[in-house]
Amino acid sequence: MPEATIESVLQEGRVFHPPAELAASARIGSMEAYRALAAEAESDPEAFWGRLAREHLHWFEPFDTVLDWSQPPFATWFGGGRTNLSVNCLDRHLDGPRADKTALIWEGEPGDTRRFTYRELHAAVCRAANALRALGIGKGDLVALYMPMVPEAAIAMLACARIGAPHSVVFGGFSAEALRDRLIDGQAKLVITADGGFRKDKAVALKPAVDAALADGAAPSVEHVLVVRRTEQDCAMAEGRDLWWHELVDGQSADCPAEPMESEDRLFVLYTSGSTGKPKGVVHTTAGYNLWAHLTFQWIFDIREDDVHWCTADVGWITGHSYIVYGPLSNGATTVMYEGAPRPSKPGAFWEVIQKHRVSIFYTAPTAIRAFMKSGREVPDQYDMGTLRILGTVGEPINPEAWMWYRDVIGGDRCPVVDTWWQTETGGVMISPLPGATPTKPGSCTLPLPGIAADIVDLEGRSQPADAGGYLAVRRPWPGMMRTVHGDPERFRKSYWEHIRPADGSWLYFAGDGARRDADGYFWVMGRVDDVINVSGHRLGTMEIESALVSHPAVAEAAVVGRPDELKGEGIVAFVTLEAGRSGDDALMAELRGHVGQEIGPIARPDVIRFSDALPKTRSGKIMRRILRALAAGEEVSGDTSTLEDRSVLDQLRV
Ligand code: WTA
């Protein structure tokens, strides 16, 4: 938990109002309409959520209770109901004109394109679902996905949902070791992967990492590996274990009845970094998650029938789950999936996709926007992006200058920018402008969505006055909230519900961000207050990186902190003490960076490693991260250092 008080220095006075034309046709087209919805939720939350769940989802069986909060923090939503996410995303669009509407546009990095109508996507998902059943996968069996950004990733997710097999998507940039840990923790029965994917003009292999993860029977729960052919690079196939997707899936029937799932059946497990210990398997369940992904997508992007929505996230992250796949498809929208990234050979890659596919809603991360700013407006200015009407950002705080640039250069000074605050744990967006209603201020995610009781509090849960910093917490459960940590309910309680303890015994959800609220009630997120680093919008636990460093034979002890980074938001600085007889030179530094890349993945490699004889510790042996953070940022160490056990350590670290 935080050592320092939370202070905000950002002053920002600009306000932008929704375009009149957008407001006139928007679902929620004024602040009055927003307030009316929020008031409905406030006056009777259960009636509110019950109404929305009935109106927006298909139910095989209606639910008979809305919320059971009798055993907090474990919530049960829509008890007694039965639904299926793939039916909500596919089948229910097949009765009318949407059947032949484009559901998914996929753009491969080399420029190949694939399109699926709702009817075609439904057939593809049914075939894949039948293939999974043929492999003995049934309700409750966990399927891990370790995939490049190809349509089969979305198809596999939907196929799992169709037969009630929870999926666990592991980001394709993670290492074999990270994959193995997740396969073991989740007890995965099947891994779906590909030979490789195209990344920065190269074919990058994926399958070898799966082979390494499974080597020596390390993850014995895994019975089969299903491999999509993408790059056509050489790919070893283990007899009896590995199967080609096209050989197994293509011949299946395109008819596959969906499993009527109970509302609280597990839908997916997605691993995310916390402040302590190994990654947490965040568990989301069927009905509540579906409702939240559906509603938030509809509200925040004010989706229209002819929109083309593109979210640039990877499906390995929650943003990809909720806003490439489930939110858009549940709403019958057209969603774009792009395999590539801007790269030296194609700095305008994103803008080309927007121009080519006439994208109208574009959702990306501040780290990407800052990189675009750096290479100048000459690049985007070469493309026609007149189809855009709404821009979104997610993943980390956006600095006002990047926000202004985004609005101005990408949005032609006419598209509203929705800065959306949320987390893996929240399932969908929690705080965000509504493009037809909310006046925006650069750098603020503005106001909580209807039904979301977000607040800025102190450690006793007392609301903080305007402009005072505090902890960003949520006072009431909501349908899309995570239900537990896979296999560790106690960790769920400890990680999210115990930091803030109101005197009246009520329960507040807190997942690690500091923020303030201004006099208009607008939220300004300042970043993490725990030991989590946000590198380019990716959450990394300092603890995981430290464990990776310490697993190297040369390292005795390691402490990892973030430091501000102009492009990535935060960079990683590691302070390392070595085993006797080892000396910290450039070669070892390179070796350690490679080692962390191997253990977790390239995104976790420290930018800087500093060797020293000791780390600054309190007399009780706790590493003083506040000091390390100041040192890493090149700042003077201020504040109290009297608890430091050995002050000479400071001089050594200062270099
Ligand atoms: C940060 C990504 C400021 C925050 C959806 C949060 C943000 C963490 C914003 C969750 C935003 C996300 N403004 N900070 N608009 N969006 N964050 O689980 O620190 O990968 O706790 O979910 O990202 O990261 P996660």
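The values are calculated or read from the model by the stated rules, or taken from the named source; none is laboratory data. Remember, predicted model here, so these are calculated numbers, not experimental data. We place every Cβ from the backbone using ideal geometry, glycine too, and count neighbours over all the protein chains shown.
Which members of segment 381-394 meet the condition of being in contact (Cβ under 8 Å) with a residue 60 or more places away in the chain and either over 21 Å from PRO347 (Cβ atoms) or part of a strand (DSSP E or B) (or both)? Within segment 381-394, ARG389, ILE390, GLY392, VAL394 qualify. Residues being within 16 Å of the ligand (Cβ to nearest atom), assigned to a loop (DSSP other than H, G, I, E, B) and β-branched (Val, Ile, Thr) are entirely absent from segment 565-577.
Annotation note: of ALA236, ALA188, the sole residue that is surrounded by fewer than 20 Cβ atoms within 10 Å (Cβ to Cβ) and without any contact (Cβ under 8 Å) to a residue 60 or more places away in the chain is ALA236. Screening PRO433, PRO442, PRO448, PRO400 for residues that are surrounded by fewer than 19 Cβ atoms within 10 Å (Cβ to Cβ), closer than 21 Å to ILE300 by Cβ and within 15 Å of the ligand (Cβ to nearest atom) leaves exactly one candidate, PRO400. Look at segment 527-553: where a residue is closer than 20 Å to THR393 by Cα and a partner is aromatic (Phe, Trp, Tyr), sitting 6+ places away or on another chain with Cβ atoms under 8 Å, you get HIS538/TRP317. Has segment 340-349 got at least one residue that is touching a strand residue (DSSP E or B) at 6+ places or on another chain (Cβ under 7 Å) and closer than 20 Å to ARG389 by Cα? Yes; the residues of segment 340-349 include at least one that is touching a strand residue (DSSP E or B) at 6+ places or on another chain (Cβ under 7 Å) and closer than 20 Å to ARG389 by Cα.
Condition check: basic (Lys, Arg) and part of a strand (DSSP E or B). Does ARG582 satisfy that? For ARG582, the condition - basic (Lys, Arg) and part of a strand (DSSP E or B) - is not met.
May I ask you to list the residues in segment 499-526 that are assigned to a strand (DSSP E or B) and either farther than 30 Å from ASP607 by Cα or touching an Asp or Glu at 6+ places or on another chain (Cβ under 7 Å) (or both)?
The answer is TYR509, ALA511, GLY512, ARG516, ARG517, PHE523, TRP524, VAL525.
Per-residue answers, yes or no, for (1) among the polar types (S, T, N, Q); (2) within 16 Å of the ligand (Cβ to nearest atom); (3) part of a helix (DSSP H, G or I):
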{"site": "ALA258", "(1), (2), (3)": "no, no, no"}
{"site": "GLU264", "(1), (2), (3)": "no, no, no"}
{"site": "GLY274", "(1), (2), (3)": "no, yes, no"}
{"site": "VAL283", "(1), (2), (3)": "no, yes, no"}
{"site": "ALA287", "(1), (2), (3)": "no, no, yes"}
{"site": "TRP292", "(1), (2), (3)": "no, yes, yes"}
{"site": "TRP299", "(1), (2), (3)": "no, yes, yes"}
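Using the structure shown, decide if THR335 is buried (at least 23 other Cβ atoms within 10 Å of the Cβ), within 12 Å of the ligand (Cβ to nearest atom) and not hydrophobic (A, V, I, L, M, F, W, C). Here the answer is no, as THR335 does not meet what is asked. A single entry from VAL418, VAL457 fulfils the requirement of being buried (at least 24 other Cβ atoms within 10 Å of the Cβ), among the aliphatic types (A, V, I, L, M) and in contact with a Ser or Thr (Cβ under 7 Å, 6 or more places away or on another chain): VAL418. Apart from one condition, LYS278 fits all of (1) at pLDDT 95 or above; (2) under 27 Å from the mean Cα position of the chain (by Cα); (3) not in a strand (DSSP E or B); the exception is (1). The set of residues in segment 351-375 being closer than 21 Å to PRO400 by Cα and more than 22 Å from the chain's Cα centre (by Cα) consists of MET373, LYS374, SER375. Would you confirm, using the coordinates I've provided, whether PHE492 is within 16 Å of the ligand (Cβ to nearest atom), modelled with pLDDT of 95 or more and buried (at least 22 other Cβ atoms within 10 Å of the Cβ)? Criteria not met by PHE492. Screening ARG377 against (1) more than 25 Å from ASP518 (Cα to Cα); (2) basic (Lys, Arg); (3) within 16 Å of the ligand (Cβ to nearest atom) leaves a single unmet condition, (3).
For segment 547-564, the set of residues classified as away from the ligand (no atom under 15 Å from the Cβ) and either surrounded by 22 or more Cβ atoms within 10 Å (Cβ to Cβ) or among the hydrophobic types (A, V, I, L, M, F, W, C) (or both) consists of ALA548, LEU549, VAL550, ALA554, VAL555, ALA556, ALA558, ALA559, VAL560, VAL561, listed by residue number. Against the criterion of being crowded, with 24+ Cβ neighbours inside 10 Å, within 21 Å of GLY537 (Cβ to Cβ) and of a type outside the set (D, E, K, R), GLY428 qualifies. Considering only residues in segment 380-397 that are of a type in the set (A, V, I, L, M) and more than 11 Å from the ligand (Cβ to nearest atom), the one that is farthest from PHE510 (Cα to Cα) turns out to be MET385. Here THR272 meets each of (1) under 19 Å from the mean Cα position of the chain (by Cα); (2) surrounded by fewer than 23 Cβ atoms within 10 Å (Cβ to Cβ); (3) over 22 Å from LEU142 (Cα atoms) with one exception, condition (3). Elements of the type strands (runs of 3 or more DSSP E) sitting completely within segment 1-107 and holding at least 1 residues that are exposed (fewer than 14 other Cβ atoms within 10 Å of the Cβ) and at pLDDT below 95: there are none.
With THR420, THR424 as the choices, which residue is near the ligand (Cβ under 10 Å from one of its atoms), of a type in the set (Ser, Thr, Tyr) and over 18 Å from TRP524 (Cα atoms)?
Numbers: THR420 fails: over 18 Å from TRP524 (Cα atoms).
Going through THR420, THR424 in turn, the sole match is THR424.
The number of residues in segment 499-544 that are of a type in the set (Asp, Glu) and within 12 Å of the ligand (Cβ to nearest atom) comes to 2.
Tell me the residue from GLY537, GLY569 that is on the phi > 0 side of the Ramachandran plot, buried (at least 22 other Cβ atoms within 10 Å of the Cβ) and under 21 Å from the mean Cα position of the chain (by Cα), please. When all the criteria are applied, what remains is GLY569. Condition (residue is crowded, with 17+ Cβ neighbours inside 10 Å, farther than 25 Å from GLY108 by Cα, at pLDDT 95 or above and away from the ligand (no atom under 16 Å from the Cβ)) applied to segment 343-362: is it met by at least one residue? Looking for residues that are crowded, with 17+ Cβ neighbours inside 10 Å, farther than 25 Å from GLY108 by Cα, at pLDDT 95 or above and away from the ligand (no atom under 16 Å from the Cβ), one finds none in segment 343-362, hence no. Checking each residue in segment 339-371 for being assigned to a helix (DSSP H, G or I) and touching a helix residue (DSSP H, G or I) at 6+ places or on another chain (Cβ under 7 Å) picks out TRP351, PRO366, ILE369, ARG370.
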